[in-house]
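The values are calculated or read from the model by the stated rules, or taken from the named source; none is laboratory data. Please read all numbers here as calculations on a predicted model, not as lab measurements. Cβ placement follows ideal geometry from the backbone for every residue including glycine, while neighbour counts extend to all protein chains displayed. For accessibility, only protein heavy atoms count, side chains too; no ligands or nucleic acids. Shrake-Rupley method; radii C 1.70, N 1.55, O 1.52, S 1.80 Å.
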Amino acid sequence: MERLTSEQLKREQEKTLAAPRMCYGLLARLLFVSMDLLYGRMKTLAKFSVLEIIARMPYQAWENVAYIAITHAHADPDFARRIFEWVRESRLQQDNEQWHLLILAELKNKKGIRENFSQHWLIPQVIAFLYYNISWLLYVIRPKWSYLLNAHFEDHAEHEYMKFVAENPALEQEPFESVFREDYGRFASLADLFRQIGYDERVHKLESLARLDVARFQ
């Protein structure tokens, strides 16, 4: 993923905040309402962690379907290669979401945030399981539906992260110190960190939107 400078990140934040959210579908709206009911409307590190647990699921689902397709396409090298490229892209996106989750977990630990096991581990795992299977099923039935659902999810995450920074100006003064800096990136402040995560979500959204016109593996 591209790493932006502090000034670039601020400009991208302004773009996000000036842009309207997408018109979310029923499944996406149901997920977001459920998140608000379970974790409140306030943007917190704990709530973002739940979002990141869920965020990986579509990419895992697409990867799974792609590997099944490769199994049946081994006699057509060109076809198999195209599928493998899609697998690699899904893996990169999934790994990027994993870095987000690891960094958030580290931040929560540093700040001494204690979480309820059921609310912040068990329930997120159940939601993630359901979201994985919905993404998988939609992809099998019609890939466009799965890509669009993910675009809605990533658009929501992009706006939430950028608004979180805008609503918490003190983040500008908090340095980003992490064991994952060499893996994910170095940033002047936590504000820039969250701007970068928000920008990553936009990139994921745009990648999904670019796939809307792509039907099944061809």
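Normalised per residue, the accessible area of the chain is 52 Å², obtained with a 1.4 Å probe and no contribution from ligands, DNA or RNA.
Relative contact order, whole percent, for the stretch 1-90 stands at 20, derived from Cα pairs under 8 Å and 6 or more residues apart.
Over the stretch 106-196, the pair-distance histogram of Cα-Cα distances with 5 Å bins from zero comes to 3, 11, 13, 16, 17, 18, 13, 7, 2, 0 percent, rounded to whole numbers. Taking the longest Cα principal axis of the chain as reference, the axis of helix 143-167 is set at about 10 degrees. Exceedance of the 24 Å cut-off in Cα-Cα distance is limited, within the set Lys10/Lys43; Lys15/Lys144; Lys111/Lys163; Lys47/Lys144; Lys15/Lys111; Lys43/Lys110, to Lys15/Lys144; Lys47/Lys144; Lys15/Lys111. If I model a spin label as a point 7 Å beyond the Cα along the Cα-Cβ vector, how far apart are those points for Lys111 and Lys15 in nm? Simple spin-label model gives 2.7 nm for this pair.
Measuring how big the chain is from its alpha-carbon positions, Rg and Dmax come out at 17.7, 58 Å. Annotation for Phe129 and Gln8: the two label points, set 7 Å from Cα along the Cα-Cβ direction, are 4.1 nm apart. Placing +1 on each Lys and Arg Cβ and -1 on each Asp and Glu Cβ, with no other charges, gives the stretch 126-178 a dipole about its Cα centre of roughly 560 debye. Whenever you get a sec, compute what percent of the accessible area on the chain sits on carbon and sulfur atoms (1.4 Å probe). Carbon plus sulfur share of accessible area: 59 percent. Taking 0.36 nm per residue of separation and subtracting the Cα-Cα distance, full extension of the segment from Gln119 to Val179 would add 18.9 nm. Loop-only check: which GluC sites (Glu not before Pro) in the stretch 140-218 are DSSP coil with at most 13 other Cβ within 10 angstrom? In loop regions of the stretch 140-218 (DSSP not H, G, I, E or B), the sparsely surrounded GluC sites (Glu not before Pro) are Glu177. What is the distance in Å between the Cα centroid of the stretch 8-49 and that of the stretch 136-202? Each part's Cα centre sits 10 Å from the other's.
Based on DSSP H segments of at least four residues, each scored -39500 (n - 2.57), the chain has a per-residue ellipticity at 222 nm of -24500 deg cm²/dmol.
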